[in-house]
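The values are calculated or read from the model by the stated rules, or taken from the named source; none is laboratory data. Being a predicted model, the structure only gives us computed values, none of them experimental. Glycine gets a Cβ as well: all are built from the backbone with ideal geometry, and neighbour counts include every protein chain shown. Heads up: the accessible areas ignore ligands, DNA and RNA and are worked out on the full protein's heavy atoms, side chains in. Shrake-Rupley method; radii C 1.70, N 1.55, O 1.52, S 1.80 Å.
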Amino acid sequence: MNAVTPDSGLHYVEDFTRNKASLPGRQQPWVVALREAAMRRFLAMGFPTRHDEDWKYTSVAPIERGRFLLSSGQPRAVDKPQVDAQALPGVHLLVFVDGHHVPTLSKVDALPAGVSIASLATLLERRRSGIETQFEAAASYPSAFAALNAACMTDGACVHLAKGVRLDAPIHLLFLSVTYGLAAHTRSLVFAEEDSHAVIVEHHAALGTPVYFTNTVTDIVLGRRAQIEHHKLQQESVRAFHIAAITADLAEQSRLISTSFALGAALARTDIVAKLNGEGAECSLDGLYVADSRQHIDHHTRIDHNVPRGTSRELYKGVLDDASRAVFNGKVIVHPDAQRSDAAQTNRNLLLSEHAEIDTKPQLEIWADDVKCCHAATVGQLDAGQIFYLRSRGLDEETARALLTYGFAAEMVQRIEHPELRQRLDGLLRGRLPQQLEAEVLS
Amino acid sequence: MLKIDNLHVRVAGKEILKGLSLEVKAGEVHAIMGPNGAGKSTLGNVLAGREGYEVTQGSVVYEGRDLLELEPEERAAAGVFLAFQYPVEIPGVNNTYFLRTALNAQRRQRGEPELDSMQFLKLVREKLAVLHLKDELLHRAVNEGFSGGEKKRNEIFQLALLEPKLAILDETDSGLDIDALKMVADGVNAMRDPQRAFVVVTHYQRLLDYVVPDRVHVLAHGRIVRSGGPELARELERQGYAWLDAVGQQAGAGP
């Protein structure tokens, strides 16, 4: 059990009580009941502490102390050009400001029949929207943050893909934070029915460098042979706190491509859980974290091979400079029935400073006997031989180091198929190097 | 152009070069031959400025400057080029980008204007044509997944593009089949110029059938033990290096 301090999270309970009457769905009994139950669950759990095994290396005390406030009213007006600068070209764009969908900033083009993209707030106001069952299924909250999110959720995206429908343009969910001191509890749901395809970009960014708290949850349900790409891009303000949970349920022969690019925030924690529930399901979890100054970036992933013949691939890379710190914890669990599972997990880290720190823990638990599983974790520095090679060709040491750092991380960018997203990520990566590199560097 | 005088170099506490002297004039091709462990690669690395090579005695003067004072990138800009025995892979970095960055970095250091993408591409095409190379290597990451031969071709391509004044080829011929060897030799021959000098370090005489040197030196036990014309290479091919042991014992017994 968690060691709960008497007032752990009390501020958040009080804030919820003050504001619950203005949260979406207040007239729907199921929503009200859900929120109250979730809040009780949160109160029972309390914020995790370093005594919790899953939070051993990440202290969320600043979030508790931060006393961030629910943003229950209208979001602040934001200039459209500032939003457009963040938007990817050629996408269906849904913009959320401080946790609220802003239709005037969004742009959803004509959608093919069978695709619906709606704001969660709208659906919560409806008597029957079809999302209740999903909430029931997710009611056993894996963490206090997920419970807090269910209690306080203000908005998010609900994407439904009917059987066989293929959405070519990505759906870009842009969560912008603009206001000091607010907590944004957003929740998104993706239902991909049989044989449907879609690409979803979950993008968290800020205007300016406010201090705030993002607490976001995304559930993805993949039907048979469905294919979903979910790309998470975390570019929060360097003073922000970011907690995210992503859960994916995979039916037979479905395929999930998940990426997590974590570049921003003072403290960021992302939990990704993929459940291979149908035979022949496949998931690929990629991630790149780039941290400097005193940033702290934590990824916990868990892949459950619940049935036979599942395939999982995972590659996370990290670049850590200054006194930054990162945590990677990757669990792969092959359950007793999951014969002929094929799992491979790799975590590679590049430390650019002697003060940077990585805690990496790959965990394989195998309960079936006919499986192919491997994992590897490495922590290293830039290679002196490579630096010399570049310098012997005329590059100064700083450029050589920047180029090699880029080369290490670029693999994660290269694996992105969508050209505009790849280009954006490449630019962001180059922007994080000690020295600017030009655009054509990517091989 | 290059004057090495009584060079002593230690690597990891062990003396590898023990009083090497060599003078190379512009326009000349010098071959350095010798058995494994003689210090051939050490010579290339110390001239290019690799870390971990401690010069304990002697001097290296390049175009009137103390070469050992310069950083590796300064040596490159000054026109010193080392073709690596084992070219390094740089994953994730496009070869074309790397070459342009390298060339422009050198030009900037020399106070010359940088080349833009179009100018660079034009130069690349010229050099590819001279070397009879295909451009497929350009679109891949630097040396990543290249075969041994491709890596060496890439070294020669860099040599052609960067147009150094002093090129040191460190066993560029090792591990090459005859076609790759000829390509390397053609590249070097195409680059021969009254203003440019080559130091070709090799274990075998094979390359010297195609790149005919002006001078051949035998490096053994950390110093040049014999120098001569191209005929010396053929003599070594016949005799092997066994006779050097006697010389080494003599050298070892010296003051």
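Full extension from A:Lys163 to A:Ala85: what is 0.36 nm times the residue separation minus their Cα-Cα distance, to one decimal in nm?
Working it through step by step, the gained length comes to 24.7 nm.
Just going by the charge dipole of segment A:132-227, with Lys and Arg at +1 and Asp and Glu at -1 on Cβ, which of A:Phe135, A:Leu174, A:Ala184 is farthest out on the positive end?
Ranked along the dipole, the leading option is A:Leu174.
Which lysines does B:Lys165 reach when only Cα atoms under 24 Å apart count, and residues fewer than 8 places away in its own chain are ignored?
B:Lys3, B:Lys25, B:Lys40, B:Lys122, B:Lys127, B:Lys151, B:Lys152, B:Lys182
Provide A:Thr378, A:Thr179, A:Thr17, A:Thr405 ordered by accessible surface of protein heavy atoms (probe 1.4 Å), highest first.
A:Thr17, A:Thr378, A:Thr179, A:Thr405
Once you charge only the Cβ atoms, +1 for Lys and Arg and -1 for Asp and Glu, what is the size of the charge dipole of segment B:1-108 about its Cα centre, to the nearest 20 debye?
Computed charge dipole of segment B:1-108: roughly 200 debye.
Please enumerate, by chain and number, the lysines with C-alpha under 24 Å from the C-alpha of A:Lys331, excluding those fewer than 8 residues away in the same chain.
Those lysines meeting the cut-off are A:Lys56, A:Lys232, A:Lys275, A:Lys317, A:Lys361, A:Lys372.
Just for segment A:82-213, what percent of DSSP beta bridges are antiparallel, to the closest 5?
So the antiparallel bridges in segment A:82-213 amount to around 30 percent.
Find the relative contact order for segment A:215-372 and round it to a whole percent, using C-alpha pairs within less than 8 Å whose residues are 6+ positions apart.
Rounded, it is 18 percent for segment A:215-372.
Could you tell me the relative contact order of segment A:92-134? Use alpha-carbon pairs under 8 Å, at least six residues apart, and round to a whole percent.
26
What are the ³J(HN,Hα) values, in whole Hz, obtained from phi via the Karplus relation 6.51 cos²θ - 1.76 cosθ + 1.60 with θ = phi - 60°, for each residue of segment A:83-97 in sequence order, with x given for Gly and Pro?
Karplus values, whole Hz, x for Gly and Pro: 6, 4, 5, 8, 6, 7, x, x, 10, 8, 9, 10, 10, 10, 10.
Quick one: how many Å² of B:Arg10 are accessible to a 1.4 Å probe, rounded to 10?
80
Between B:Asp214 and A:Val379, what is the FRET efficiency for a Förster distance of 45 Å, r being their Cβ-Cβ separation, to the nearest 0.05?
The formula returns an efficiency of 0.35 here.
Can you tell me what share of the DSSP beta bridges in segment A:330-378 is antiparallel? A percent to the nearest 5 is fine.
The antiparallel fraction comes to roughly 0 percent.
Pull up the DSSP beta bridges for the protein assembly as shown and report the antiparallel fraction as a percent, rounded to 5.
Within the protein assembly as shown, antiparallel bridges account for around 20 percent of the total.
Leaving out ligands, DNA and RNA but keeping every protein chain, what accessible area does A:Asp54 have, in Å² rounded to the nearest 10, with a 1.4 Å probe?
Looks like 70 Å² after rounding.
Per residue of B:85-95, count partner chain C-beta atoms within 10 Å of its C-beta, then hand back the mean as an integer.
6
What quantity of accessible surface, computed with a 1.4 Å probe and excluding non-protein components, is buried in total between chains A and B, in Å² to the nearest 100?
Between A and B, the summed buried area is about 2300 Å².
Kindly sort B:Asp214, A:Asp286, A:Asp168, B:Asp177 by accessible area of their heavy atoms, largest first, with the probe set to 1.4 Å.
Reading off the accessible areas and sorting them downward yields A:Asp168, B:Asp177, B:Asp214, A:Asp286.
In whole Hz, with x marking every Gly and Pro, tabulate ³J(HN,Hα) for segment B:97-103 from phi via Karplus 6.51 cos²θ - 1.76 cosθ + 1.60, θ = phi - 60°.
Couplings: 4, 4, 5, 5, 4, 5, 4 Hz.
Among A:Ala326, A:Ala21, A:Ala206, which one shows the highest mean-square fluctuation when chain A is modelled as a Gaussian network with alpha-carbon springs under 10 Å?
Maximum fluctuation in the GNM of chain A, among the listed residues, is at A:Ala21.
How big is the dipole moment of chain B about its Cα centre under a simple scheme where the beta carbon of each Lys and Arg is +1, that of each Asp and Glu is -1, and everything else is neutral? Debye, nearest 20, please.
180
Can you give the angle from 0 to 90° between the axis of helix A:10-19 and the longest principal axis of chain A, with both taken from C-alpha atoms, to the nearest 10?
Taking the Cα atoms of chain A, the angle to A:10-19 is about 50 degrees.
Pick out, from B:Val200, B:Ala185, B:Ser174, the residue whose Cα sits farthest towards the positive end of the charge dipole of segment B:174-235, with +1 on the Cβ of Lys and Arg and -1 on the Cβ of Asp and Glu.
The one lying farthest along the dipole's positive direction is B:Val200.
What residues qualify as long-range amide H neighbours of A:Ile366, i.e. H under 5 Å apart, gap of 5 or more or another chain, H built at 1.01 Å from N?
A:Val334
Which whole number gives the average count of other chain Cβ atoms within 10 Å of the Cβ atoms across peptide B:138-146?
2
Among residues other than B:Tyr53 whose Cβ falls under 15 Å from its Cβ, what is the net charge (Lys/Arg +1, Asp/Glu -1)?
Result for the local shell: +1.
Which listed residue (A:Thr247, B:Ala83, B:Gly19) has the Cα farthest towards the positive end of the charge dipole for the protein assembly as shown, taking +1 on Lys and Arg C-beta and -1 on Asp and Glu C-beta about the Cα centre?
Final value for the positive-end residue is A:Thr247.
Could you compute how much accessible surface B:Glu136 exposes when probed at 1.4 Å, giving the result in Å² to the nearest 10?
Solvent-accessible area, nearest 10 Å²: 100 Å².
Tally Lys/Arg at +1 and Asp/Glu at -1 over every other residue whose Cβ is under 11 Å from the Cβ of B:Lys151; what's the total?
Taking every other residue near B:Lys151 into account, the sum is -2.
Expressed as an acute angle from 0 to 90° and rounded to the nearest 10, what is the orientation of the C-alpha long axis of helix A:29-45 relative to the principal long axis of chain A?
The helix A:29-45 is inclined about 50 degrees to chain A.
Roughly how tilted is helix B:178-191, in degrees to the nearest 10 and between 0 and 90, from the longest Cα axis of chain B?
80
Taking the Cα centre of the protein assembly as shown as origin, work out the dipole magnitude from +1 charges on Lys and Arg Cβ and -1 charges on Asp and Glu Cβ, in debye rounded to 20.
Approximately 640 debye in magnitude.
With an 8 Å cut-off on Cα pairs and a minimum separation of 6 or more residues, tell me the relative contact order of chain B in percent.
28
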